[in-house]
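Worksheet: one structure, shown below.
Please treat every number below as a calculation from the coordinates, not as lab data. Bear in mind the structure is a predicted one, so any value in this text is a computation, not a measurement. For neighbour counting, all protein chains shown are included, and Cβ atoms are generated from backbone atoms with ideal geometry for every residue, glycine included.
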Amino acid sequence: MQVVPVVMPGHFRPVGTTRISPTTSTCWRHRSGWATKEQVAKAVVARYPELRAYLIHDRKWKERFHENKFDAVALGMMATI
């Protein structure tokens, strides 16, 4: 992981950020660098059961919409370690 300082415009306070490749994050979440969004969502639901309501929907676009949210949650879980 590479830490890059970021300067906020007008504030001049550096904020540390980290760059993580998608393969690295899916490898951490699912032990496979090629996990699908559905597999990542199921792994997040295993950790946070209250998110189960967002797992299955009647429309394909709703599933993709929420799978992107699950990706963000999983990335946040990785960043807190």
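Spacing of the modelled spin labels on ASN68 and THR23, each 7 Å from Cα toward Cβ, amounts to 2.5 nm.
Taking the number of other C-beta atoms within 10 Å as the exposure measure, put LYS37, LYS69 in order starting with the fewest.
Details: LYS37 16, LYS69 13.
Fewest to most other Cβ atoms nearby, the residues stand as LYS69, LYS37.
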